[in-house]
Each structure stands twice: as structure tokens, then as C-alpha cells.
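See below for the structure under consideration.
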There are 2 protein chains.
Amino acid sequence: MKNFVLINPFEVPEDMDDDRFLEDWGRAADYMRSRPGFVSSQLHRAVSPNPRFRFVNVAEWESPQYFQAAVRSPEFQAMAAGTPSNYPALYEVVRVL
Amino acid sequence: MKNFVLINPFEVPEDMDDDRFLEDWGRAADYMRSRPGFVSSQLHRAVSPNPRFRFVNVAEWESPQYFQAAVRSPEFQAMAAGTPSNYPALYEVVRVL
């Protein structure tokens, strides 16, 4: 079965250090991992200085419905309240080279 | 050997249709594929309507140096001239769930 890919770029303010972001992200990610439909997740950190998006999460979900249900849960909403600006969307792979 | 991950989100204007973007991207991607250090590439298209980034390229390169050399080449610069706004950066994977 084909999965859907969540790609979520985070605009992390310069004055927030990596450890603080990673701690908050880890809590939210642990919750998502416990939800139905979660497949896997890879968090990426920029190698170059001053990136537009310092962190990008690339995850797989079984369906948009499972992902939306997890995002809309009160537990996740509470954990995501202090998260830096981010732009989550679900994708499908259309070209492979 | 650990590869580096290029993540490049594209802000595609609503009046540009998918086929036009895919044609231009395909030409640039074919060029990149011919350069030293290129490993693989997966182009993602958003499933949901009105996404901030309609397309996101997730590719692997052997090193930042190879990637920068390919990007700076006059051939690539010419092909990328009419591309919608995009935010390429190199990443490493820091968490896997």
C-alpha cells in the first residue's frame, strides 16, 4: 500500500537552540508515533548556516485521515502550542530519479 | 558513507499548472543527475489543496561540495532562471522514528 509523505519545514528563530527544539519535537513525535496510521519519521537538521528552515520533518502516514485525526487531537494541539512557525502538508511522490 | 539530503520546497504560483512545473523541473533534474556526487531524487507533490509548497524535492548528494558545484554551473543557473521561489538547503538526519 502506498503511504503519504508528511513534509514539515520549521522556521526556527536564531535565538532558539537546537536542544530546545529537539526536546519539544521529541515529545510531539513520540505522541504521533503512538497514533494509528503512523509509519515512520525522519527529522532533518540543516548543515548550512542560516537556513530558511533549520529543521524539516519527513514522515510517512498510512492515510491523510489518520494524520488529520492525530493533528486535531487535543493532546497534540497542546504540545504544538509553542512550536516555531511550520508548514506541514501531505505529499505523494511523483518523480523518482 | 553518509549522504547529505537536499530538501527544496517550491512555492508554485496558483496560475502555473503542474505540467509546466514538471517539465521545467525534469530538465533541471536530468542535468543534476548527470553531475558528480548526485545519488537520487524524489519529487513530491502536495495532496492537499492550496499548500504553501506545492512541490518539494528531496534528493541525496554525496557531499555539499558536489552539490554546490552543480548548482553554481552556468548550465544549471540558466535552467533555474524561471523557476518559482524555492528554498534549497542541505540537511543531515538527526532523529529516526
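The values are calculated or read from the model by the stated rules, or taken from the named source; none is laboratory data. Predicted model, so just to flag it, every value in this text is computed and none were measured. Note: ideal-geometry Cβ built from the backbone for every residue, glycine included; neighbour counts use all protein chains shown. Areas reflect the complete protein model, heavy atoms only, side chains present, ligands, DNA and RNA absent. Shrake-Rupley method; radii C 1.70, N 1.55, O 1.52, S 1.80 Å.
Overview of values
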read-out	value
Complex-versus-alone comparison for region B:1-19, residues with a loss of 40 Å² or more in accessible area, probe 1.4 Å	B:I7
Computed lengthening from A:Y66 to A:K2, 0.36 nm per intervening residue step minus Cα-Cα distance	21.6 nm
Net lengthening on full extension, A:R33/A:S85 (0.36 nm per residue, minus Cα-Cα)	16.6 nm
Accessible area (Å², 1.4 Å probe, nearest 10) - A:D30	80
Loop sites in region A:1-57: trypsin sites (Lys or Arg not before Pro), DSSP, at most 15 other Cβ within 10 Å	A:K2, A:R52
Rough spin-label spacing in nm, given labels placed 7 Å along Cα→Cβ, for B:M16 and A:D18	3.2
Cα-projected label distance for A:R52 with A:E75, points at 7 Å along beta-carbon direction, nm	3.5
Per-residue mean of C-beta atoms belonging to partner chains within 10 Å, peptide B:84-97	6
Residue mean of other protein chain beta carbons inside 10 Å, A:40-48	6
Probe 1.4 Å - accessible area at B:F67, Å² to nearest ten	20
Amide proton proximity set for B:Y91, modelled H, under 5 Å, gap of 5+	A:V47, B:V5, B:L6, B:I7
Average accessible surface area per residue within chain A, 1.4 Å rolling probe, Å²	54
Contour excess over end-to-end distance, with Cα ends at B:S40 and B:V96 and 0.36 nm allotted per residue	18.2 nm
Shielding by other protein chains, A:51-58, mean Cβ within 10 Å	5
